[in-house]
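Please treat every number below as a calculation from the coordinates, not as lab data. Keep in mind that what you see is a predicted model, and the values were worked out from it rather than measured. Virtual Cβ from ideal backbone geometry, glycine too; neighbours counted across all protein chains shown.
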Amino acid sequence: MGIAIILLLMIGAVAAFVCKNDKTARLIGLGTTLLNAILAVIMTVTVMNSGPQSVTFGSGTWAQTINIGYIECFMACLFGIVGFLIVWASMSMISHDVEEKKIPMFYGLVLALLGTLNAVVFFESLLGVFVSIELSSFAAAGIVIVKNQTENVHAGLKYLSLSILGSSLVLMGMVILFVATGSLHIGGIAKAIQGNNLMASKSAYILWAYGLISAGVAFKAALFPCHIWLPDAHGTAPSPSSAILSSLVLKAYIVFYMKMVFGGVGFNLIANSPMRMLLNVVMVVGVVAMIAGSVLAIMQTDIKRMIAYSSVAQMGYIFMGIGIGTELGLFAALFHILSHAVTKSGLFLVAGSIIEQTHNRDLNKMGGLGILMPVTMALFTIGGLSMIGIPLFVGFNSKWNFASAIVGSNNYWLLIPLSISALLNALYYLPVVIRAFFGQEAKECTEPLGSKERPIKDLLPIILLACLVILFGVASGPVSDFLQKGIEILTAIGR
Amino acid sequence: MNILLLIPIVLPIVAGIHILKRNYKEPKSREKFVSTAVIVNAIIVILLSLFARGTQLTLLPIIPNNPIQFKLDNLGAMFASVVSLLWILCIYYSFEYMKHEGDENRFFGFYVMTFGVMMGITFAANLVTLYLFYEFLTLATIPLVMHGDSIQAKTATRIYIIFSVFGAALALMGIAMIAFAGNGSTAFAAGGILPKVLTGATILQVAYLFTFFGFGVKSAVMPFHAWLPCASVAPTPVSALLHAVAVVKAGVFAIARVTYFTIGPDLLRGTIAQSVALGACIITIVYGSAMALMSQHLKRRLAYSTVSQLSYILFGIVLMSADGYIGGMVHLFGHAIVKITLFLCAGAIIYKTGREYVWELKGIGRAMPVTMIVFTIASFALVGIPPLPGFFSKWYLTVAAFHNQGNALGYAGLVALAVSALLTAIYLFSICVNAFMPGNGFDYEESNKGVRDPNRYMTIPLTILAVAIVLFALCLPSLINILSL
């Protein structure tokens with residue numbers, strides 16, 4: 001099933017590349033992502049009914065395994081459903097940013113990107129993961145560069161180079177792990193580390209390996225201060241690309257990292273070995289990212305750069321959750337992947353709609369926008385409130401999960417930065433909303449209500465994303481149970 | 001039957017949205033709609049409070065063990081009824097007052113919406129539901145604080161957002177800790193729901209301080225009080241109802257819920273957390289009164305007075321005894337009626353004369369007799385002259401502080417109460433005395449030419465409130481009876 005998803009997306013990508021017509025390319029993009037979403041859901045149901053599935057090609061050290069457990073299904077559904085909604089939204093938006101001739105290329109790259117992201121998550125063997133990571137980096141940089149303006153060619157190149165730096169760090173880590181454990185397979189590594197007590201005999205190797213992998217992932221997933229490429233790339237890319245980049249691409253690398261850390265080392269060793277130190281560093285850097293990302297976001301005047309810096313802060317949350325290193329911490333981080341994906345993709349698409357309709361990116365000139373584009377700004381409000389962590393929106397559940405994880409691990413001091421971060425989020429999302437609906441400009445606005453609104457059918461995918469924000473906000477139970485099961489399976493590999 | 005609990009919450013929110021959308025051009029038709037909505041809602045609240053206590057309604061499970069849940073208990077019902085009655089008076093008053101502020105559709109839209117959010121807070125059956133409405137209270141009141149759109153209003157709004165959101169986040173951390181320490185639930189039950197083994201546990205103490213200072217932001221406890229005096233730039237009905245009754249009391253109410261209904265007073269009595277909270281209250285009591293004395297701007301003076309008075313209530317709550325609880329709650333209701341009256345009088349003066357500073361009020365008692373007599377009655381009540389409300393709350397607080405065995409800070413509280421009573425007398429009576437007796441040779445004609453009492457839209461609510469203040473003592477036995485744990 002997992003292979004079917006990857007193949008489907010790859011075939012779709014090739015088809016989109018070769019077709020000459022932009023209309024056909026759009027159809028291929030939409031159809032393939034829809035099929036992908038359906039396949040992902042079917043796969044999830046299968047796994048829930050008959051347990052994790054695994055396929056192996058070849059044998060020995062170089063055998064490649066695809067392992068579909070709960071976490072993989074969760075990510076596949078996320079890539080499938082959110083990816084489909086973004087591609088749907090891009091139907092009406094993409095011609096604003098990308099020339100007609102480049103549209104087939106855009107959809108080809110998007111599909112290739114989704115395919116490689118799925119592969120990053122599905123592969124159990126490190127070689128396959130690494131190849132997918134590399135391919136996804138190119139595709140991801142591609143959907144930035146496809147806009148073909150000087151600024152985003154620069155941004156794309158910056159992204160590509162730092163991304164390659166990140167992957168090479170990851171590769172070095174993998175090689176050291178291979179030397180230490182003799183396995184290129186997360187399950188094998190787990191057996192070696194947890195079973196043969198390698199943590200005692202070869203702790204230096206393992207720390208170096210995980211240190212390098214952490215550094216590499218920090219670049220790929222934009223953990224502060226390795227985030228420097230993100231605001232440029234996400235800020236200048238076409239809005240649907242920004243949505244995919246921030247809500248999906250970053251997450252694939254994080255899930256890979258979670259699998260390496262928690263699948264490979266396991267909770268027990270994390271709590272009682274030098275790994276704890278490494279994760280403490282990850283946790284503290286995550287906290288710094290959480291605060292610094294938001295402070296930088298407050299300083300922005302460009303709406304897309306502001307949202308991009310907000311992503312830097314949200315990545316900080318996720319790394320903090322990983323760094324806590326307990327089951328609750330991992331759960332909070334995984335849940336936040338979902339929460340950030342549905343919220344941030346919606347925000348980027350809203351920002352794209354605003355820029356498209358008003359030709360203005362400057363936050364200070366967005367007064368009265370709530371009168372011109374009430375539905376769009378209502379969607380922005382939902383996203384913003386979710387980011388702040390207001391109950392009924394999914395961001396609140398994230399905040400609660402992080403708070404529980406912190407309390408559960410006795411790191412009470414982390415509650416203060418978490419509160420400050422909620423405040424900082426409010427400081428850059430609320431003023432936009434207030435200025436749009438209330439301030440002086442809104443009062444003086446003479447144009448009729450909704451005069452610059454996009455047609456509802458174009459806004460529909462964004463509305464659906466907002467519905468997801470509320471749906472997961474009021475009923476997170478099933479997803480939480482699913483993720484908890486996933487964590488059990490993930491960490492059970494080595495036992 | 002249970003679903004009826006939703007009506008008082010949903011009805012005002014829907015009505016508020018309708019006002020914003022409909023954008024009434026005719027004041028008369030808006031007034032008709034607003035007053036119908038508010039009065040109907042208040043009647044429903046009071047009927048529910050009388051006949052439906054104990055009903056429970058569970059909605060969406062947003063967090064494991066902590067669904068959105070409503071339950072009408074004695075404290076909630078009492079608070080909801082009083083708030084509803086005050087809401088009617090304030091709406092009536094606002095019809096006249098808001099004529100000089102403008103943009104009435106927005107004002108009444110959010111003012112009515114806040115009513116529903118407030119009912120959500122009083123009906124909440126667990127801390128997560130309470131937190132939900134607490135956050136929405138901040139959001140719904142932001143447009144009210146920045147109503148004037150002046151530079152000060154914008155600054156005040158920014159400060160209000162910073163304090164409120166940060167406070168709510170702190171409180172949420174405390175709630176998460178309480179949920180973690182217990183079995184995950186944060187439901188309310190008199191005397192607390194946590195097991196006795198947790199008595200004095202570090203996690204509970206930390207959790208209490210997080211919730212105390214988190215919710216304490218809304219009730220302006222030091223060092224998180226700064227937003228309240230700033231927010232007095234809002235239109236007077238907002239200062240009166242929200243910044244003397246609804247919003248600030250929501251913070252006090254939440255702290256009472258945490259102390260007596262979730263954690264339980266027995267688990268925290270005598271701990272360091274209690275001392276810290278008591279210390280903060282005591283400092284705030286004196287500081288607020290001193291600042292009120294120093295403020296020459298009338299509404300700011302009243303706002304600082306609120307800062308001080310709110311900490312009286314908190315002081316009672318944090319004493320963690322039955323007496324302290326009663327003292328705090330009596331003051332919660334007494335202060336609500338008294339302070340709203342003082343603010344509405346100040347509003348009447350601003351509305352008729354545009355004067356905002358204390359020194360401009362010389363001799364105004366002869367020009368605006370109704371307003372100033374009501375102001376004087378309310379001043380007597382706040383200072384604590386028997387048989388007016390302030391006297392009883394001070395009585396109970398004193399008894400509670402004196403009986404407080406666990407903590408020597410109770411005695412410090414007594415001193416603070418005495419000092420604050422003195423300061424309160426000075427900062428309020430100086431206004432009354434100057435208004436009626438401006439001194440020899442004062443030229444009434446010249447200084448207050450054309451100044452008159454406002455029309456019945458304002459004087460009727462003021463008179464009703466004055467009567468309520470005087471008759472408060474009659475209701476006191478039943479109030480205490482209902483509120484006893």
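Laid out as a table, the results:
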read-out: FRET efficiency estimate (nearest 0.05) - Cβ-Cβ, residue A:365 to residue A:295, R0 25 angstrom; value: 0.65
read-out: Equivalent ellipsoid, segment B:269-485 (semi-axes from 5 times Cα gyration tensor eigenvalues, Å); value: 34, 19, 12
read-out: Too-long pairs where the Cα-Cα distance tops 19 Å, listed order kept, from B:196/B:249; A:344/A:485; A:147/A:457; B:299/B:352; A:365/A:443; value: B:196/B:249; A:344/A:485; A:147/A:457
read-out: Computed Kirkwood radius, in angstrom, where 1/r is averaged over Cα pairs of chain A; value: 22.4 Å
read-out: Under 19 Å from residue B:28, Cα to Cα: lysines that are on another chain or at least 8 residues apart; value: B:99
read-out: Counted charge near residue A:99, where neighbours are those whose Cβ lies closer than 15 Å (Asp, Glu -1; Lys, Arg +1); value: +3
read-out: Charge dipole (debye, nearest 20) of the protein assembly as shown; +1 at Cβ of Lys and Arg, -1 at Cβ of Asp and Glu; value: 340 debye
read-out: Per-q log10 I(q)/I(0), segment B:345-465, q = 0.10, 0.23 Å⁻¹ (Debye; single scatterer per alpha-carbon; no solvent); value: -0.41, -1.26
read-out: Angle in degrees between helix A:150-181 and the longest Cα principal axis of chain A, rounded to the nearest 10; value: 20 degrees
read-out: Tail fraction, Cα-Cα pairs, segment A:275-329, threshold 19 Å, whole percent; value: 32 percent
read-out: Quotient of C-alpha Rg and 2.2 N^0.38 Å, computed over segment B:1-153; value: 1.07
read-out: Values of log10 I(q)/I(0), in the order q = 0.12, 0.13 Å⁻¹, for segment B:279-377 under a Debye, Cα-only, solvent-free model; value: -0.45, -0.52
read-out: Helix B:322-353 axis, angle to chain B major axis (alpha carbon atoms, nearest 10°); value: 30 degrees
read-out: Along each principal axis, Cα extent of the protein assembly as shown, largest first, Å; value: 104, 64, 49
read-out: Relative counts (whole %) of C-alpha pair distances in segment A:26-100, using bins that are 5 Å wide; value: 3, 16, 18, 15, 14, 13, 9, 6, 4, 1, 0
read-out: Span from the segment A:334-376 Cα centroid across to the segment B:4-69 one, whole angstrom; value: 31 Å
read-out: Cα shape, segment A:108-238, gyration tensor, a/c 1.5 rule; value: prolate
read-out: Among A:241, A:212, A:140 - extreme Cα towards positive end, dipole of chain A, charges at beta-carbon; value: A:212
read-out: Folded to 0 to 90 degrees: helix B:369-383 orientation relative to chain B principal axis, Cα; value: 30 degrees
read-out: Prolate/oblate/rounded call for segment B:1-261, Cα gyration tensor, a/c under 1.5 rounded; value: oblate
read-out: Chain B, dipole about Cα centre (Lys/Arg Cβ +1, Asp/Glu Cβ -1), debye to the nearest 20; value: 400 debye
read-out: R0 of 22 Å, Cβ-Cβ distance residue A:138-residue A:55: FRET efficiency to nearest 0.05; value: 0.30
read-out: Hydrodynamic radius by Kirkwood, which averages 1/r over all alpha carbon pairs of segment A:367-487, in angstrom; value: 16.2 Å
read-out: Evaluated at q = 0.09 Å⁻¹: base-10 log I(q)/I(0), Debye formula over Cα of chain B; value: -0.55
read-out: Ratio of Rg to Rh over segment B:438-485 (Cα coordinates, Kirkwood Rh, two decimals); value: 1.32
read-out: Charge tally in the Cβ shell below 12 Å around residue A:21, where Lys, Arg are +1 and Asp, Glu are -1, residue A:21 excluded; value: +2
read-out: Size of segment A:1-145 as Cα extents on the principal axes (Å, biggest first); value: 47, 31, 20
read-out: Segment B:137-182 and segment A:1-42: distance between their alpha carbon centers, rounded to Å; value: 46 Å
read-out: Centre separation in Å (Cα based) which lies between segment B:87-107 and segment B:412-462; value: 24 Å
read-out: Shape of segment A:59-180, Cα gyration tensor, a/c cut at 1.5; value: oblate
read-out: Relative contact order, percent, segment B:1-261 [alpha-carbon distance under 8 Å, six or more residues apart]; value: 20 percent
